[in-house]
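One structure is given below, encoded as structure tokens.
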Amino acid sequence: MQPDQLKAIFRQGWMNSHVVDHRVQRFIKGEFGFEPSRNAWKKVLAEAASGENIHRAVDMGTGPGTIAQFWAEMGMETTGVDFSATMLDAAKTVAAQQKLDISFMEADVEAPPLPTGSFDLVSSRAVLFTLPHPGYALARWAQLLRPGGLMVLIGEISPTDPEKQKRAYRPAEGWQPDAEYREAMKQLPFREHTDQMLRVVMEAVGLKDIRSISMDAVMSSRWEHEKQEPAYGVLQGTPYILVGQRADEKL
Ligand SMILES: C[S@@+](CC[C@H](N)C(=O)[O-])C[C@H]1O[C@@H](n2cnc3c(N)ncnc32)[C@H](O)[C@@H]1O
């Protein structure tokens, strides 16, 4: 399948209203709506974004604006990019409810029409796994940073234990991938990736001083969440945040 065909298939999936509702329920109202977790994420994201003059942020594949909201809450001028208009509608609703001023742009994150060197921070959470060309995307995101700007990549390593896998799998109610979608998923190079693999690509696109943020605070809040809602499955994956800096004038 050609990259454009693949993207059209995935875009249709991410546009589905059940998939959008699922992300809002599971993350905006679920993990990020649980106060101890929200505070823990605030702490780790603030640590990730620490640096000089970090004011303009863009969140790639923002979905319902999950991470964009944190940057806006920290006072950054924030843009969220996504190719699903339905996700962006949900993001606008959530931002309005939280009284946050965020700009949203409907575009392909592998080639976002944004000016080179115009951001202090580029972030993305849980998006690289669904891109046909995550390498092109990361190269472009690095170019969007001004020298000294930060790339913040947030993700979750899937469990390998079959029991945990069963509990971690939460399909969107009312939506099932069809045969074409399942076939398309097989062509995604980062469908299952680890933070170590990402580190290599971050190096390859010219980022320096790559560091991992400790996720202890997030893990403790997940234990607390698990005690209150054992069926939620929040402890199954292993979250990570990697931060790299654009050091050079030219990439
Ligand atoms: C798993 S969701 C993650 C959403 C959000 N970052 C979060 O953490 O909740 C993946 C998001 O990436 C978006 N996406 C996938 N491929 C994309 C592409 N090529 N261009 C723009 N957005 C894309 C989807 O529409 C979806 O909103």
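The values are calculated or read from the model by the stated rules, or taken from the named source; none is laboratory data. These numbers were taken from a predicted model, which means no experiment stands behind them. We place every Cβ from the backbone using ideal geometry, glycine too, and count neighbours over all the protein chains shown.
The table below lists the values:
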read-out: Search result, residues across segment 88-115 that are more than 11 Å from the ligand (Cβ to nearest atom) and of a type in the set (Gly, Ala, Ser); value: Ala95, Ala96, Ser103
read-out: Residue among Gly65, Gly75 that is farther than 21 Å from Arg246 by Cβ, surrounded by fewer than 21 Cβ atoms within 10 Å (Cβ to Cβ) and of a type in the set (Gly, Ala, Ser); value: Gly75
read-out: Check on Phe70, of a type in the set (Phe, Trp, Tyr), over 18 Å from Val24 (Cβ atoms) and within 12 Å of the ligand (Cβ to nearest atom); value: no
read-out: Residues located in segment 170-205, provided they are assigned to a loop (DSSP other than H, G, I, E, B), in contact with a helix residue (DSSP H, G or I) (Cβ under 6 Å, 6 or more places away or on another chain) and aliphatic (A, V, I, L, M); value: Ala172, Val205
read-out: Search result, residues across segment 1-12 that are at pLDDT 85 or above and either more than 9 Å from the ligand (Cβ to nearest atom) or within 29 Å of Glu226 (Cα to Cα) (or both); value: Asp4, Gln5, Leu6, Ala8, Ile9, Gln12
read-out: Residues that are crowded, with 19+ Cβ neighbours inside 10 Å and in contact with a strand residue (DSSP E or B) (Cβ under 7 Å, 6 or more places away or on another chain), drawn from segment 1-53; value: Val44, Ala48, Ala49
read-out: Condition check for Lys42: within 11 Å of the ligand (Cβ to nearest atom), among the basic types (Lys, Arg) and in a helix (DSSP H, G or I); value: no
read-out: Meets criteria (of a type outside the set (Phe, Trp, Tyr) and either assigned to a helix (DSSP H, G or I) or modelled with pLDDT of 80 or more (or both)) for Lys208; value: yes
read-out: Selection within segment 105-125 - buried (at least 17 other Cβ atoms within 10 Å of the Cβ), of a type in the set (A, V, I, L, M, F, W, C) and over 17 Å from Arg246 (Cβ atoms); value: Val109
read-out: Filtered residues of segment 117-137 (kept if over 16 Å from the mean Cα position of the chain (by Cα) and under 16 Å from Ala57 (Cβ atoms)); value: Gly117, Ser118, Phe119, Asp120
read-out: Selected residue (only one of Leu150, Leu145, Leu128 is at pLDDT 95 or above and touching a Lys or Arg at 6+ places or on another chain (Cβ under 7 Å)); value: Leu145
read-out: Gly237 vs. criteria surrounded by 14 or more Cβ atoms within 10 Å (Cβ to Cβ) and under 16 Å from Pro159 (Cβ atoms); value: yes
read-out: The listed residue being in contact (Cβ under 8 Å) with a residue 40 or more places away in the chain and within 15 Å of the ligand (Cβ to nearest atom), out of Gly51, Gly80, Gly30; value: Gly30
read-out: Residues satisfying the stated conditions in segment 202-237, i.e. within 20 Å of Val44 (Cα to Cα), small (Gly, Ala, Ser) and free of Cβ contacts under 8 Å to residues at least 12 places away in the same chain; value: none
